[in-house]
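Engineer: Below you'll find the structure I mean.
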């Protein structure tokens, strides 16, 4: 049997929450684009999601994984059965503007050097503000603290059209990231060590080290219910955010930069730990401690990642560092009271 070729394979990692994915699939059915397939990579849901999808969306390709592989693992397994030239990894807690997909495709096809694109991501519950997970294009400082146009730590800006220009960014949000399939495979897919959070930043870093660009196309719009799968202030979310950020830093920089920048970053972690203890924020404090312990106990994992990154690298750290903010945004935000991306940019200038 000949498999129908599609231009785009939309891959949705899913674990429980029929009511969540039902709204996403209903929204996708209204997408104004004529060549895409939908793959739900189910991470062993226990709420009957599999049967519900089969009964209500028989055209959706359902991949039933034998365990919860997280965002990274669910996406990777979905990519292995995808027929599309492009892969679009999409959170199950999203709804989309009908023109979202076509506009992203136009952006990624305009330049062979563009490897990945994200849309403008607005908050589902309040369409006037940027969503926490991606805003209108992701950025990062040299110490691996990520932020976005429209979101700086917990500060979410109102969307007034200030970030409507398509432009390069450092990372595209895993909430909705379109990537060329061949480059995704060449870059080594998502690293499943991450499980969830920042695996898309790590992927985008690798793609840029390979000589490609990441873009945001704000004319494409997706609405996201942030922190549905993992509560914002939970221990696990703090742990994964800190651990995965540190894992990137010590894996992706050259050895000299990893030591120099990493030393400063560890000092910042200790400051954050003291602050969390003073605030009696047990989840945050324990998340930081756990992330540092993980780092100490997994040197081999870091060594393997460094070796793999070196094989892919074409561009040196000097080129990558030009795309990162030099000043630590934790200081600019918490001490200098900078609350928006534009304020950060003006400070950098």
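Derivation of every value follows stated rules applied to the coordinates shown; laboratory data play no part. For clarity, every value in this text was computed on a predicted model and none was experimentally measured. Cβ: placed from backbone, ideal geometry, glycine included. Neighbour counts: every protein chain shown.
Engineer: Could you give the angle, 0 to 90 degrees to the nearest 10, between helix 255-278's Cα long axis and the longest principal axis of the Cα atoms of the chain?
Structural biologist: 90 degrees
Engineer: Same structure, new question: Could you state the angle between the C-alpha long axis of helix 235-252 and the longest principal axis of the C-alpha atoms of the chain, as a value from 0 to 90 degrees rounded to the nearest 10?
Structural biologist: Helix 235-252 and the main axis of the chain meet at about 80 degrees.
Engineer: Now for a different question. Compute the separation of the alpha-carbon centres of the range 291-325 and the range 50-74 and state it in Å as a whole number.
Structural biologist: 32 Å
Engineer: Among 7, 110, which comes first, second and so on when ranked by fewest other beta-carbon atoms within 10 Å?
Structural biologist: 110, 7
Engineer: Between residue 22 and residue 110, what is the spin-label point distance in nm, taking each point 7 Å from the Cα along the Cα→C-beta axis?
Structural biologist: Here the modelled spin labels are 3.9 nm apart.
Engineer: Take residue 260 and residue 296, extend 7 Å from each Cα along the Cα→Cβ direction, and tell me the distance between the two endpoints in nm.
Structural biologist: 2.7 nm
Engineer: Label residue 233 and residue 128 with points 7 Å out from Cα along Cα→Cβ: what is the distance between them in nm?
Structural biologist: For the pair residue 233/residue 128, the computed spacing is 2.5 nm.
Engineer: Same structure, new question: Sorted from fewest to most neighbouring beta carbons within 10 Å, what does the list 304, 278, 289 look like?
Structural biologist: Working: 304 13, 278 9, 289 16.
In increasing order of surrounding Cβ atoms, one gets 278, 304, 289.
Engineer: Sticking with this one: Could you work out how much longer the chain between residue 280 and residue 182 gets when fully extended? Use 0.36 nm per residue separation minus the Cα distance between them, nm to one decimal.
Structural biologist: Value of the extension gain: 30.6 nm.
Engineer: For helix 18-28, report the angle its Cα long axis makes with the longest principal axis of the Cα atoms of the chain; keep it between 0 and 90° and round to the nearest 10°.
Structural biologist: 70 degrees
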